[in-house]
Amino acid sequence: MESKRLVLFTAISSICIIAAIVIILVSLSTTADTPEVHLPVETHGISSDVNNEGMGMGELNELNYAALRPDTVQYILKIIEQPKSYSCKYAIESFWDDGSGYFDVSVYVKDEIYSVMILNDAYLKRCIFTDEKFYIWYIGEEDYYEGNRRSVLGEEKITDAVQMSGSYKSLMELDPEQIIETDYIDVDGVYCIYVKAEMGQFGYISEYYIYPDTGLLMKNEIYDGDKLVYRMSSSDMMLTAPYDEYFTLPGGKVVS
């Protein structure tokens, strides 16, 4: 148990060193029919029957249904077209036996350029990622670190940071056999795609809640048995292009 807690704490601490957002989705084959998920009308070739009876949700009258189950959910998430520009805030919490940690993370996306701000009691860190480069600095500093996003070091840091930046890349990389449960559920009045999966060698259980119309992450919780050890929840989501100030380096250069 101690080793499991230490590994999780180390992983979360590593995530907090740098933040990035990389949406890498894995295409999986699908067959189909069982539980249903509501998707936008354009489902890229997936045909299904429409049945809104008893839903009590007028906004779903124009939505199609597609089969949602452990061996199809990764494909369904892949075909949902995510917005090219948006912003969102995430509350990141981690819990262990003798303490907890908290971070506010703001993510700004504009035409495939990603800006992330991480705030805790000790610092405010900024990160900007383009297709080829990344930039990192602390607020108040005049200098920034610039690196090649495709370098080995950069890829390792990106891999660690993806989860903190509102992506569910780790879910997309799972073997479908690790996905325990899928559903389409109401969370505080908002319907979302729900996925429960087993993560890693220590058997942590991760629960994802994803907006079906945008494919963006609403919430993610990780459990060690029945004990909550990690939680991410989103707020203030805006589906408009963020201002240039969020993509500006120390010295005034706008990353484009």
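The values are calculated or read from the model by the stated rules, or taken from the named source; none is laboratory data. These figures come from a predicted structure and were not determined experimentally. When we count neighbours, we look across all protein chains shown, and the Cβ atoms used for this are built from the backbone with ideal geometry, even at glycine. Only protein heavy atoms, including side chains, enter the accessible area calculation; ligands, DNA and RNA are left aside. Shrake-Rupley method; radii C 1.70, N 1.55, O 1.52, S 1.80 Å.
Structural remarks
- Scope the stretch 119-132; condition in contact (Cβ under 8 Å) with a residue 24 or more places away in the chain and part of a strand (DSSP E or B); matching residues: K125, C127, I128, F129
- Identity of the residue in the stretch 93-118, in a strand (DSSP E or B) and of a type in the set (D, E), that ends up nearest to S234 (Cα to Cα): D104
Condition check ((1) part of a strand (DSSP E or B); (2) modelled with pLDDT of 90 or more; (3) more than 26 Å from S100 (Cβ to Cβ)) across all residues:
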site: V195; (1), (2), (3): yes, yes, no
site: E198; (1), (2), (3): yes, yes, no
site: F202; (1), (2), (3): no, no, no
site: S206; (1), (2), (3): yes, yes, no
site: Y209; (1), (2), (3): yes, yes, no
site: E221; (1), (2), (3): yes, yes, no
site: P250; (1), (2), (3): no, yes, yes
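- The residues of the stretch 183-196 that are open to solvent by 40 Å² or more (accessible area, probe 1.4 Å) and among the β-branched types (V, I, T), listed by number, are I185, V190.
- Close Cβ contacts (under 7 Å, 6 or more residues apart or on different chains) running from residues in the stretch 225-254 that are touching a residue at least 12 places away in the same chain (Cβ under 8 Å) to residues that are assigned to a helix (DSSP H, G or I) and of a type in the set (A, V, I, L, M) comprise V229/L8; Y230/I12.
- Here is the figure for the stretch 156-190: residues that are modelled with pLDDT of 75 or more and out of contact with any helix residue (DSSP H, G or I) (no Cβ under 8 Å at 6 or more places or on another chain) total 15.
- Enumeration of residues in the stretch 96-120 that are among the aromatic types (F, W, Y) and buried (at least 18 other Cβ atoms within 10 Å of the Cβ): F103, Y108, Y114
- Which numbered condition I180 misses (of (1) open to solvent by less than 60 Å² (accessible area, probe 1.4 Å); (2) touching an Asp or Glu at 6+ places or on another chain (Cβ under 8 Å); (3) of a type in the set (A, V, I, L, M)): (1)
- In the stretch 223-256, the residues that are in contact with a helix residue (DSSP H, G or I) (Cβ under 8 Å, 6 or more places away or on another chain), surrounded by 11 or more Cβ atoms within 10 Å (Cβ to Cβ) and closer than 17 Å to Y86 by Cα: V255
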